[in-house]
Amino acid sequence: MSPAARDAAQALGYTNAKVYHDGLPAWTKKNPLALSPKLLKEAWLDKQQPLVVLDARKKPAGGVIPGAVAFPDASRAALDKLYKFRKVKPPIVVYDADGASGAAAIASKIVAEGHPAMVLTGGVKAWKAAGYELAPGAPAREIVFVPKPKAGEVAVAEFKALVAAVPADTVLLDVRNADETATGAFQGAVNIPSDQLASRTAELPKEKRIVAHCSTGTRAEMAYHLLKGAGFQNVAFFARAVEFEDGKAEIAE
């Protein structure tokens, strides 16, 4: 957890709360994340957000989670199907029958290939227990992914132009942690770590446009929604990866 979350846990009486200093970006480079059926349905499928859904069941029966593609193993041939997406890096969620039948192992192999992945908690069993329906038929055979900009998302070309010379009417908001900004930051950016943003919104001018970024795009999108909920009207975020090495930024296409 973050330092702020640790302090909150300790205030509640927990005595063995620890900080994972490397944060979410480092964790997702080595481990898959968990995704609940509720979040998959409401945040992704219901909103028609593009993602890749992989069905890891050996013998799929009784229907599939909408849009699923057959992915019963992590063989070289199977993993190579994801190679064409290596630059785009679409969100990937893997599910099995019950959350304990191979999805986590396959997701870990995908992460080891350099592609972040999520595992559906509880698999098909949990999906059905939540009252969600399966689509009839078998999973598809080919992976298809068509990117679609989200509300508030800034295009790569626009973001590159913005960081080259931040306009006077714009605030470039860096929501990375201090250990991440130590490796480099864009000139003129304002740094407020994502876990502190809710309590520090008063530091940001509501009359200016605010464009958030982080190292993967995940926290930047969270910052976008937080600020919109706090009454900021002109907010945007960069959804792609930004990495710094020796002070120089590498912006994913």
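The values are calculated or read from the model by the stated rules, or taken from the named source; none is laboratory data. Every value quoted in this text rests on a predicted model; they were computed, and no experiment measured them. For neighbour counting, all protein chains shown are included, and Cβ atoms are generated from backbone atoms with ideal geometry for every residue, glycine included. These accessible areas exclude ligands, DNA and RNA; they are computed on the full protein's heavy atoms, side chains included. Shrake-Rupley method; radii C 1.70, N 1.55, O 1.52, S 1.80 Å.
Below is a table of values for the structure above.
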| quantity | calculated |
| --- | --- |
| Dipole-positive endmost among Gly99, Val154, Ala135 within the range 26-178 (Cβ charges, Cα centre) | Gly99 |
| Net length gained if the chain between Arg209 and Lys29 were fully extended (0.36 nm per residue, minus Cα distance) | 61.7 nm |
| Note, ³J(HN,Hα) from phi for the range 91-107, Karplus 6.51, -1.76, 1.60, rounded to Hz, x at Gly and Pro | x, 10, 10, 10, 9, 10, 6, 9, x, 9, 10, x, 4, 5, 5, 5, 4 |
| Inter-label distance for Val190 and Leu45, nm, one decimal - labels placed 7 Å from Cα along Cα-to-Cβ | 4.0 |
| Backbone N under 13 Å from the Asp98 label point (7 Å along Cα→Cβ), restricted to the range 109-150 | 122-126 |
| Ile92 long-range amide H proximity, modeled H, under 5 Å | Val52, Met118 |
| Whole-Hz couplings from phi, Karplus 6.51/-1.76/1.60, listed for the range 224-236; x for Gly and Pro | 4, 5, 5, 5, 4, x, 8, x, 7, 8, 9, 10, 8 |
| Antiparallel bridge percentage (DSSP; both residues within the range 31-169; nearest 5) | 5 |
| Potential extension, Asn16-Ala151 segment - 0.36 nm per residue separation minus Cα distance | 44.6 nm |
| Only Lys, Arg (+1) and Asp, Glu (-1) charged, at Cβ; the range 79-237 dipole about Cα centre in debye | 340 |
| Shape parameters for the chain, alpha-carbon atoms, Rg then Dmax in Å | 19.6, 58 |
| Length gained when the stretch Arg200-Ala161 is fully extended (0.36 nm per residue, less Cα-Cα span) | 11.3 nm |
| Residue (of Asn16, Pro37, Val175) at the positive-pole extreme of the chain, dipole from beta-carbon charges | Pro37 |
| √(5λ) per eigenvalue of the Cα gyration tensor, the range 44-190, largest first, Å | 36, 17, 15 |
| Å² per residue, accessible surface of the chain at 1.4 Å | 54 |
| Highest-MSF residue in the chain out of His225, His213, His115 [GNM, Cα springs under 10 Å] | His225 |
| Ordering of 97-103, 29-35 by packing [mean C-beta count within 10 Å, highest first] | 97-103, 29-35 |
| Binned Cα-Cα distances of the range 148-233, short to long, each 5 Å bin given as a whole percent | 3, 14, 27, 28, 21, 7, 1 |
| Carbon and sulfur %, accessible surface of the chain computed with the full protein complex present, 1.4 Å | 56 |
